[in-house]
Amino acid sequence: MAGIATNPRAGESHADIPKHLTEPRVIRWILIGAALLFVGLIVVLPLITVLSQAFSKGWEAYLTALKEPDALAALRLTLLTAVIAVPLNSLFGLAAAWAITKFQFRGKNVLVTLIDLPFAVSPVISGLIYVLLFGAQGLLGPWLQEHNIHIIFATPGIVLATMFVTFPFVARELIPFMEAQGVEDEEAAVSLGARGWRVFRKVTLPNIKWGLLYGMILCNARAMGEFGAVSVVSGHIRGETNTLPLHIEILYNEYQFAAAFAVASLLMLLAVVTLIVKSVLESRMSGKRYSA
Amino acid sequence: MASKGNKDRVLPGFRLTLGFTVLYLSLIVLIPIAVLALRSGELSAAQWWNTVTTPRVMASYKLSLMTSLFAALANLLIGLLLAWVLVRYRFPGKKMIDGLIDLPFALPTAVAGIALTTIYAPNGWIGSLFQPLGLKIAYSPLGITIALIFIGLPFVVRTVQPVLQDLEADMEEAAVLLGAYRWRSFRKVILPELVPSLLTGFALAFARGIGEYGSVVFISGNMPMKTEITPLLIITKLEQYQYREAAAIAVVLLLISFVLLLLINFVQRWSNRRLHSV
């Protein structure tokens, strides 16, 4: 569902609208004022709150909260999770987009719908399904215990739940992008004698690299920030199975507000950087699309 | 997925990529979801029905549906306003405002949750303004609605924005020539064109709200029967090792989401047909 946010033409300014088709100046000002008020209240105020709370006890306390061993362990686990989940889902996105946009086959629409499925599933349910599958009372639980394999309340469960919630991101960015580019370039390369992997690497990849990066950036932001799904499978073992969002929750529930917001400011930074990169990529992609 | 027309395929890699796609999709998504249905099916029909209709569970559906509905309605109005202002007007800082709209998608829900709770708690920046009036925002359904307004903000803006951009000026022009006033031409000419995208954005925000957990769990207060949303109740069941009960409630929640998605598909197909018939 989040893919709806990715309108590469957003922010493009409309040509000047003739005077008789716009509102009187006063109404325009009121509408703009109301819009700014809403954005300030809904979006900007929480950002300011995170920063002001994070530094409420000064720089020292801020840095201490970030350098604490549990915080560092949480950061490591968050990075590890993203490093596994993002490339795998990107590989999947590439394969799915290739099959769907370069070929005709029956059941294509069903496949596209199924790829979007995780967006419709509550994060809590995304975690629950893996507990039901791999947990102690789960379907494979007894077998896993016999072989001393830990998935739930351990890193593999966290990675799996993250892969589930970030599953559609790359695919759903690439599919419309590659659809728009058609198959002519690749077919020309094949007719000139290029083969499989080479066609992809030399012809397709240069065309789609920004779209691919765009999907990966969004996928990564969600992977590092996921809370609900990871919370269900993690078991909340300090220093072991806490990701950054879970670490924030624990600090907050222990009334260590300044520390909780200090760690939260890291994730906020990630969100802001993601938005900036996203808007840079959008202008690149729309430029390319129109010049083509 | 086999099909005819293989000889038309000039490009390589069909079997490999489709095979990998279907395999990966099955392992990560389809099989785990099937297991959910399987586990909830371990209950007899009567047990299942009792589990998903106890007063506490019913109260959670009601709360989740009502707060999501009100938040989606608020987002409908705010989203239309924002899309309108961003497409039609010029003002300083417009590009930044446009980028900020996506923040709720990029900001981890736990961060949003603790920030909103801090703002709207009785001693918070906004909460303390309403405290003397006897209005409690955090730890009440109102607080949940505010968190869901935050989470759902981008949906309506991003569905309406492109439609508004592509709207032909000709039609408005004609309306003006026919003597329609500005407000009238908005209502009679522009608004009908926006209805499908408004509905889609509304339904997306609504569906997202029903499943949302991270941003809500801090601000809701989590009182059974009063401020306990359905996703939280699933976690509570799980923590009590009532796996089958958790699965049964999850199935109900999933069904609600799927119905909403079907609705969105229906709206989109209806609006496509309308466009092509013109």
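Things to note:
- Against the list (1) more than 7 Å from chain A (Cβ to nearest Cβ); (2) part of a helix (DSSP H, G or I); (3) open to solvent by 40 Å² or more (accessible area, probe 1.4 Å), the condition B:Asn123 fails is (2).
- Residue check, A:Thr155 more than 10 Å from chain B (Cβ to nearest Cβ), hydroxyl-bearing (Ser, Thr, Tyr) and over 18 Å from the mean Cα position of the chain (by Cα): yes
- Taking residues in the range A:169-194 that are more than 23 Å from A:Ala85 (Cβ to Cβ), and partners anywhere that are assigned to a helix (DSSP H, G or I) and hydroxyl-bearing (Ser, Thr, Tyr), the pairs with Cβ atoms closer than 6 Å and at least 6 places apart or on different chains are A:Glu179/A:Thr101.
- Filter result for A:Glu254 (closer than 17 Å to A:Gly157 by Cβ and open to solvent by 10 Å² or more (accessible area, probe 1.4 Å)): no
- Within the range A:20-43, being within 8 Å of chain B (Cβ to nearest Cβ), surrounded by fewer than 16 Cβ atoms within 10 Å (Cβ to Cβ) and under 27 Å from B:Pro104 (Cα atoms) holds for one residue alone: A:Ala34.
- Considering A:Gly11, A:Gly3, A:Gly58, the condition of being more than 8 Å from every other protein chain (Cβ to nearest Cβ), on the phi > 0 side of the Ramachandran plot and at pLDDT below 95 is satisfied by A:Gly58 alone.
- Taken together, A:Gly215, A:Gly211, A:Gly228, A:Gly239 contain a single residue that is modelled with pLDDT of 95 or more and away from every other protein chain (no Cβ under 12 Å), which is A:Gly215.
- Residue check for B:Ile137: of a type in the set (A, V, I, L, M) and at the interface with another protein chain (Cβ under 10 Å from one of its Cβ atoms): no
- Wholly within the range A:153-203, helices (runs of 4 or more DSSP H) carrying at least 2 residues that are at pLDDT below 90: A:169-181, A:184-191, A:196-199
- Residue in the range B:238-257 that is touching a helix residue (DSSP H, G or I) at 6+ places or on another chain (Cβ under 9 Å), open to solvent by less than 10 Å² (accessible area, probe 1.4 Å), farther than 14 Å from B:Leu148 by Cβ and more than 8 Å from chain A (Cβ to nearest Cβ) present: yes
- Residues in the range B:213-237 that are buried (at least 20 other Cβ atoms within 10 Å of the Cβ) and either among the hydroxyl-bearing types (Ser, Thr, Tyr) or not in a helix (DSSP H, G or I) (or both): B:Tyr213, B:Ser215, B:Phe218, B:Ile219, B:Ser220, B:Thr227, B:Glu228, B:Ile229, B:Thr230.
- Test set (1) facing chain B (nearest Cβ under 8 Å); (2) aromatic (Phe, Trp, Tyr); (3) surrounded by fewer than 24 Cβ atoms within 10 Å (Cβ to Cβ) - A:Phe119 fails condition number: (1)
- Single residue of B:Lys95, B:Lys62 found to be among the basic types (Lys, Arg), open to solvent by 10 Å² or more (accessible area, probe 1.4 Å) and within 22 Å of A:Val121 (Cβ to Cβ): B:Lys62
The values are calculated or read from the model by the stated rules, or taken from the named source; none is laboratory data. All of these numbers come straight from a predicted model, not from anything done at the bench. Every residue, glycine as well, gets a Cβ built from its backbone with ideal geometry; the counts of neighbours run over all protein chains shown. The area values use the complete protein model at the heavy-atom level, side chains included, leaving out ligands, DNA and RNA. Shrake-Rupley method; radii C 1.70, N 1.55, O 1.52, S 1.80 Å.
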